[in-house]
Structures are given as structure tokens and as C-alpha cells.
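Data first, discussion second: the structure below is written as C-alpha cells.
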DNA sequence: ATGTGC
């Protein structure tokens, strides 16, 4: 790491201050559109704090990589900042296998096939959890699941599914649930346990522990070379429908109040207004859907591993956390309302906001890379307090899906996945063309993003995770 | 991101 490098800067925009956590190089790559979007966001009344992570890039109405904070008393909520994939996030399970156990490419193929059999990846496919009540899931999150889908039960000493998560469920005013029409309920029920498209994935990885955090790794139960499963998914059609319905309701309120910015796609409403509160309640239902969906994907992966490897294979929950959401948080005496869009909370050890199993070490912050590149297990640092403990959410896109398809050939993509080699990263798609827009060339270099996060003092690396096999949706 | 769009 270069000690002369700057990893933080404050930009004085016309509408207010923007805090950027990025190396000089990543900052220069961001471009002016990113600053324009920040200036629009900063025009939302009473905003207290706004920052960008090093992977910040242009989105709809706001940038992916935004942390935006309001005080609890005079706060605003913005469906545009949270975005369409409400509750999107990461989940990691730790196996009792070593990378060595999966060195045979045929076994990795078998595993991918087994996962695909239990997790539908096609865009209209239905899931295999029709016995689960959608209403219970939306109202109570993981607590709304039948016991058989919570195989670890509530045993506190084990790495259970319900304690080793950032949140097991949000409670809210359930009267709002009937705002969404029957066909959305129907579709969402069928979508429980499906992966979704775009950057969503299930990936089998092997971990390499970082020397600075051996003690944390040990307390998390991680060993060098261990095989883990990383899951990236969100709230599917339910979150999309919440966003669509609430954005138009919030837009009506904005017209009544005479609110607005240069960007008509940036919607916001006061907390306490009818439209604002309806959004918060429905958003929480979508967070519950996303949390449960990742849990069910993990349940299916566990079955696939047992079918393929044997009944002795374990997949204990390491952690589940989100990078697209808004909610109330507390820091000492201070209560605030925070939006994280493409930003991950990373609490340091000792912070009371950690769930009990991670109180002393800090919880795992799960950062996905792009296809064929590394992902990371991080832990928050004390310096993160300045940024409301937000770190990056991944590599961050640098090229649109269409531009990527123009630029990258199928052969180049195949080479980056080492197709045909003994160490091939096995992908579930025979035709790589269908996921060409997810090739590494579409993304920033995740290693540089991580270097910025570490350099800025927001978090440190516990383990680097290298892909062995990937299941992608379309 | 999304059973998607001017």
C-alpha cells in the first residue's frame, strides 16, 4: 500500500458536503455524473450526511455506493436511494471441506448440476417451496418459516441460521401488505427460493486467511483453504413491486409539498407522511422476503452438497447481511435513519450493534467480487464510525451491460474463467454468451476497491475467497 | 435489479 495515497476526501458541492472514500485513482475514474447525482441527493431536505464508497457508480436517481443519513426527528426516506432490489445482499455458509476435496473438475460440475436442480435459475422458473406461507415470510422474516426449513433450530451454541445474521426479520405495520395486488403475491410466492438474474449468484469458493486477522478468523471458525458458499440475491419481484407502487405514491406527495430536484427519478418523502411511512413498512416486508430468500437458497445448496458429497458435509451459517436498504439505527444516544445503496454495514468488534455471536470480533462483512475474481470476508474497523460504518458492496460496474457485450468476446470471457483447464471455474451455463454482460471486464478491479476500504481505515480483510464454481441466473 | 420498456 502506498502511504502517500489519499483514501478520503470531502467535496463541497453546491447543495452540501459529499464524503468520498476512495483512492485518488478510483476517485478520478468516478466522473462528473456521480457528483451531479450526489448534488441532487443533497437537495433532499434535512440530510445530515452523505458519502460514496470506492465502488460508487451511476444508478437510477442515485449512485450505487451511497450512504445517506437523516436524523430520526425530521427525517426523509427515498425509495430511489434504496432502489429496486430492496434487501439485496450476501450470505455465506462454511463447509467442513478443503479446496483439495474439490480439485477434480468433474466433481465441481456435479455439484453445480445438483445446485441447479434445486435452485431454479431461469427468469420465469418457479421455486420449490410452495408449502411456505408468503404472508408469514413477509410479516416475520425467518421467524415466519416452518421449522423444517430452519435445520439448525434456535440452539445458541451452534452456528444457527437465526442468530448468525444481521437481521432475522423486520416488524412493521402489516396493514400495508394488501396494497400490492394479487398477481404480485402469486408471483412472489412462486419465486421463493429462486436466484434471480444480473449479478446474483451462488458461488463455491476457497478461502485464504489474511495474516492480520488470524485471531478473528479463528473465532469465526475459519481455516485456511476451507470451502465456503457465497450467495448474492434479493427480494425478486416483491421488492420491485414495492418500489414501483411506492415511488408513484411518493411522487404524488412530492407534488403536493412542492418538493423536487433536477432529477425527476429521485423520489423522497418525509418520514411520518402517509406515502413515506407506507414505503418504510412495505420496504421492511421486502427486506424480510430477501432475507428469507437467501436462507432458502442456502437450504437448497445444503441439500445439493449432501446429495453430491454425502450426508457428513456441513454448511454452517457464517453471516447474512444486506447492501440495499434503509432503516433506523442507533449509535450511543443518537438515533438516525440511514440509507445504504450498494453499501455494506461493517461494525468493529465491541460495537453493541453486532449480533451476540460476533460481539467481540465484529460481524463478517461479505463483499462479492465479479465473476472469476476474488470475493472478500471483511471486518469493520473503529475508523468506520466516521462513515456510519458503511463500506463497499463489491467491485462496482464500470461498463453498461450492452457496452460489455460489444467489447468482450465469448472466448475472452471463457479464458478468464479458465475454461478447459483443470482449475476451471465451473459455470452452470454451457453458453457463456447469455451471461457475457457479467464478465470481469464489466467491473472495476475488486482488489483496488478493497485496498481503498482498508486504506481509509473502514475495515480490514479476514479472508480472500477464490471462486471454484459459480451458479448464475439469467 | 425487474414477469422490464417511449
request  = With the condition kept exactly as written, say whether any residue in the stretch A:22-45 is under 23 Å from residue A:323 (Cα atoms), modelled with pLDDT of 95 or more, more than 16 Å from DNA strand B (Cβ to nearest atom) and part of a strand (DSSP E or B).
outcome  = no
Of the listed residues (A:240, A:234, A:198), the one being within 16 Å of DNA strand B (Cβ to nearest atom) and modelled with pLDDT under 95 is A:198
| said: Against the definition (surrounded by fewer than 20 Cβ atoms within 10 Å (Cβ to Cβ) and within 29 Å of residue A:117 (Cα to Cα)), how does residue A:202 come out, yes or no? | reply: no
Next item on the list: Answer yes if at least one residue in the stretch A:50-58 is more than 15 Å from DNA strand B (Cβ to nearest atom), within 21 Å of residue A:389 (Cβ to Cβ) and without any contact (Cβ under 8 Å) to a residue 40 or more places away in the chain, and no otherwise.
Entry: yes
Evaluate the stretch A:256-265: report whether one residue or more is more than 13 Å from DNA strand B (Cβ to nearest atom), part of a helix (DSSP H, G or I) and out of contact with any strand residue (DSSP E or B) (no Cβ under 6 Å at 6 or more places or on another chain). yes
If we ask which residues in the stretch A:228-240 are outside any strand (DSSP E or B) and crowded, with 23+ Cβ neighbours inside 10 Å, their number turns out to be 5
Of the residues in the stretch A:429-441, those that are in contact with a helix residue (DSSP H, G or I) (Cβ under 7 Å, 6 or more places away or on another chain), in a loop (DSSP other than H, G, I, E, B) and surrounded by fewer than 21 Cβ atoms within 10 Å (Cβ to Cβ) come to A:429
When residue A:172 is run through (1) surrounded by fewer than 21 Cβ atoms within 10 Å (Cβ to Cβ); (2) within 16 Å of DNA strand B (Cβ to nearest atom), the failure sits at (2)
Q. Can you find a residue in the stretch A:207-228 that is more than 9 Å from DNA strand B (Cβ to nearest atom) and under 24 Å from residue A:133 (Cα atoms)?
A. no
Going by the structure shown, is residue A:66 within 16 Å of DNA strand B (Cβ to nearest atom), assigned to a loop (DSSP other than H, G, I, E, B) and buried (at least 22 other Cβ atoms within 10 Å of the Cβ)? no
Picked from the stretch A:16-35 (must be surrounded by fewer than 21 Cβ atoms within 10 Å (Cβ to Cβ) and in contact (Cβ under 8 Å) with a residue 40 or more places away in the chain), the residue nearest to residue A:259 (Cα to Cα) is A:19
Across the stretch A:14-36, the tally of residues that are closer than 11 Å to residue A:57 by Cα and in contact with a helix residue (DSSP H, G or I) (Cβ under 8 Å, 6 or more places away or on another chain) stands at 1
Going through (1) more than 16 Å from DNA strand B (Cβ to nearest atom); (2) within 16 Å of residue A:445 (Cα to Cα); (3) over 22 Å from the mean Cα position of the chain (by Cα) one by one, residue A:376 fails only at (3)
Original post:
Do we find a residue being assigned to a loop (DSSP other than H, G, I, E, B), away from DNA strand B (no atom under 16 Å from the Cβ) and surrounded by 17 or more Cβ atoms within 10 Å (Cβ to Cβ) anywhere in the stretch A:70-85?
Top reply: yes
Okay, strands (runs of 3 or more DSSP E) sitting entirely in the stretch A:307-421 with 2 or more residues that are at pLDDT 95 or above and over 28 Å from residue A:224 (Cα atoms), I get A:324-331, A:334-341
Per the filter on the stretch A:417-448, residues more than 16 Å from DNA strand B (Cβ to nearest atom), within 15 Å of residue A:374 (Cβ to Cβ) and under 24 Å from the mean Cα position of the chain (by Cα) are A:417, A:425, A:445, A:447, A:448
Test residue A:189 against the stated conditions and say whether it is within 13 Å of DNA strand B (Cβ to nearest atom), more than 30 Å from residue A:417 (Cα to Cα) and without any contact (Cβ under 8 Å) to a residue 24 or more places away in the chain.
-> no
Exception for residue A:278 within (1) in contact with a strand residue (DSSP E or B) (Cβ under 8 Å, 6 or more places away or on another chain); (2) surrounded by fewer than 24 Cβ atoms within 10 Å (Cβ to Cβ) falls at (1)
A careful count of residues in the stretch A:60-84 that are touching a strand residue (DSSP E or B) at 6+ places or on another chain (Cβ under 6 Å) and at pLDDT below 95 gives 1
Among residues of the stretch A:450-474 being outside any loop (DSSP other than H, G, I, E, B) and within 16 Å of DNA strand B (Cβ to nearest atom), the residue surrounded by the most Cβ atoms within 10 Å (Cβ to Cβ) is A:471
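The values are calculated or read from the model by the stated rules, or taken from the named source; none is laboratory data. None of these values were measured; they are calculated from a predicted model. Please note: Cβ atoms are built from the backbone with ideal geometry, for glycine as well, and neighbour counts cover all protein chains shown.
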